[in-house]
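Novice: One structure coming up, written as structure tokens, with questions to follow.
The values are calculated or read from the model by the stated rules, or taken from the named source; none is laboratory data. Computed from a prediction, not measured in an experiment: that's the story for all the values here. Cβ placement follows ideal geometry from the backbone for every residue including glycine, while neighbour counts extend to all protein chains displayed.
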Amino acid sequence: MAESESGADKSEQPTSKRLEEARKKGQIARSKELNTLVVTLGGAGGLLVFGAGMADALLGIMRGNFELSREVLLDERYMALYLLATGKLALELLAPLIMALLVIALAGPVSLGGWLFSSEALQPKFSRMNPLSGLKRMFSVQALVELGKAVGKFLVVLTVAVAVLMANQDDLLSIGHEPLPQAIAHSAQIVGWCSLWMACSLILIAAIDVPFQLWDHKQKLMMTKQEVRDEFKDTEGKPEVKSRIRQLQYEMAQRRMLQEVPQADVVITNPTHFAVALKYDPEKGGAPLLLAKGGDFLALKIREIAAEHGVPMLEAPPLARALYAHCELEASIPAALYTAVAEVMAYVYQLDAWIKQGGLPPVVPAALPVPAGMDPGVPGE
């Protein structure tokens, strides 16, 4: 039976490429309940730490604004000055709490999914303005889950709030019998503890929501087997395309190699199966370098280019086979072949001198000393 590739058959784990693409689009796991919990806990903690001091300072500001001299009251210019001074003092008092809440508000989302800024997430999506799509989202499973979370959060917070108010009933009633400064500080303390307990009630909601958001995000990125295969082809390349690329790379390497043949000092042949081109630079010293090598058709091309550019050629089958088998392009010849190659290079220099100056022609080297283990033998044997 043919496998269905519908959304219900997304049984494959998301690949690293799919996860990276989703992250670039701003699609990462986020929990609103975790953010609410962190900010609420931070605010309650800030009230407990700074609440009493802020209450006393605000009481001083209030008293200062009611204890005005007659001169100030009769001059309307002081109204703006007092307003600016009061706002500045209030801002200085609230700045530590505001800064703490700002840091916490940024740390909450980063704790789940990490830091992310995606320009794609900021782009307008006109598809969201479609009323039909909006209705589908309103009656989707995600909407039902959000509704359930909202009702559950309301019931949990309501239960904890009633319990906290009942536990602090006596303290709340005693505030009315306390002096004003003490009552304000006492009120700030009660509000801080009540907020802390109500914030703790959100831990249960966040403990359920965070795993659900991680699971839901992963489910949305699940892939079908066909999607995995397509992504693999796109990433690794189709076999025929990769084969064509390798072929083109091989042809380019051959062309570059054949372009080096005219710079060679000698071409050693098999004579038909193999051909290798060597070059020795007396100024740099060291061993001769292998500029080009090839077999069969490529060997024929090397011989043709060498003949066209007047590069000397020497027929030495064992040495040609040994160099072809044991020496890479643009590498020095093996040490075991130094003696044999030295005789060849000596012959080449004598041949060049004979062509320029005349005299007796040099003797073609025969029976070059090639170690038995270096010669792979005649092809086809």
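Novice: Tell me which residues, restricted to segment 83-106, are exposed (fewer than 14 other Cβ atoms within 10 Å of the Cβ) and over 46 Å from the mean Cα position of the chain (by Cα).
Specialist: Selection gives 83, 84, 87.
Novice: Give the residue, chosen from 370, 364, that is part of a loop (DSSP other than H, G, I, E, B) and under 15 Å from residue 324 (Cα atoms). Show your work before the answer.
Specialist: Working: 364 fails: under 15 Å from residue 324 (Cα atoms).
Only one candidate passes the filter, namely 370.
Novice: Surrounded by fewer than 12 Cβ atoms within 10 Å (Cβ to Cβ), over 26 Å from the mean Cα position of the chain (by Cα) and either farther than 30 Å from residue 189 by Cα or at pLDDT 75 or above (or both): does that describe residue 127?
Specialist: So residue 127 passes the test.
Novice: Additional query: Of all residues being basic (Lys, Arg) and modelled with pLDDT of 75 or more in segment 134-181, which is nearest to residue 198 (Cα to Cα)? Just the residue, please.
Specialist: Initially, segment 134-181 is screened for residues basic (Lys, Arg), giving 136-137, 149, 153.
Now drop any that are not modelled with pLDDT of 75 or more, which leaves 149, 153.
Details: 149: 16, 153: 11 Å.
My answer is 153.
Novice: Need a quick list: helices (runs of 4 or more DSSP H) entirely within segment 1-109 having at least 2 residues that are in contact (Cβ under 8 Å) with a residue 40 or more places away in the chain. Steps first, answer last, please.
Specialist: Values: elements: 16-24, 32-66, 70-74.
So the answer is 16-24, 32-66.
Novice: Inspect segment 250-259 for any residue being touching a strand residue (DSSP E or B) at 6+ places or on another chain (Cβ under 7 Å), under 20 Å from residue 347 (Cβ atoms) and buried (at least 17 other Cβ atoms within 10 Å of the Cβ) and give the result as yes or no.
Specialist: There is no residue in segment 250-259 that is touching a strand residue (DSSP E or B) at 6+ places or on another chain (Cβ under 7 Å), under 20 Å from residue 347 (Cβ atoms) and buried (at least 17 other Cβ atoms within 10 Å of the Cβ).
Novice: Output yes when any residue across segment 209-217 is aliphatic (A, V, I, L, M) and touching a strand residue (DSSP E or B) at 6+ places or on another chain (Cβ under 8 Å), and no when none is. Write out each step before concluding.
Specialist: Step one: filter segment 209-217 for residues aliphatic (A, V, I, L, M), giving 210, 214.
From the residues that got through so far, the ones that are touching a strand residue (DSSP E or B) at 6+ places or on another chain (Cβ under 8 Å) too are none.
No, segment 209-217 has no match at all.
Novice: Which residues, counting only those in segment 14-24, are within 22 Å of residue 233 (Cβ to Cβ) and under 14 Å from the mean Cα position of the chain (by Cα)?
Specialist: Of segment 14-24, the ones within 22 Å of residue 233 (Cβ to Cβ) are 14-22, 24.
If the condition is that a residue be within 22 Å of residue 233 (Cβ to Cβ) and under 14 Å from the mean Cα position of the chain (by Cα), then 15, 16, 17, 18, 19, 20, 21, 22, 24 are the ones that fit.
Novice: Still on this structure, please answer the following. Would you confirm whether or not segment 214-237 contains a residue that is at pLDDT below 80, within 34 Å of the chain's Cα centre (by Cα) and not in a helix (DSSP H, G or I)?
Specialist: Scanning segment 214-237 turns up at least one residue that is at pLDDT below 80, within 34 Å of the chain's Cα centre (by Cα) and not in a helix (DSSP H, G or I).
Novice: Return only the number of the condition from (1) in a loop (DSSP other than H, G, I, E, B); (2) in contact (Cβ under 8 Å) with a residue 12 or more places away in the chain; (3) more than 26 Å from residue 253 (Cβ to Cβ) that residue 318 does not satisfy.
Specialist: (1)
Novice: Another question, if that's okay. Just to check your reading of the model, which residue among 147, 172 is assigned by TED's automatic domain parsing to the domain that holds residue 33 and loosely packed, with under 12 Cβ neighbours inside 10 Å?
Specialist: Numbers: 172 fails: loosely packed, with under 12 Cβ neighbours inside 10 Å.
Going through 147, 172 in turn, the sole match is 147.
Novice: Do you know which residues across segment 282-306 are farther than 19 Å from residue 349 by Cα and small (Gly, Ala, Ser)?
Specialist: First, pick out the residues of segment 282-306 that are farther than 19 Å from residue 349 by Cα: 292-305.
Scanning segment 282-306 gives 292, 294, 295, 299.
Novice: Here is a check on your reading of the model: is residue 213 under 21 Å from residue 145 (Cα atoms) and either not assigned by TED's automatic domain parsing to the domain that holds residue 52 or not aliphatic (A, V, I, L, M) (or both)? Please lay out each step first, then the result.
Specialist: Working: under 21 Å from residue 145 (Cα atoms): yes; either not assigned by TED's automatic domain parsing to the domain that holds residue 52 or not aliphatic (A, V, I, L, M) (or both): yes.
So residue 213 passes the test.
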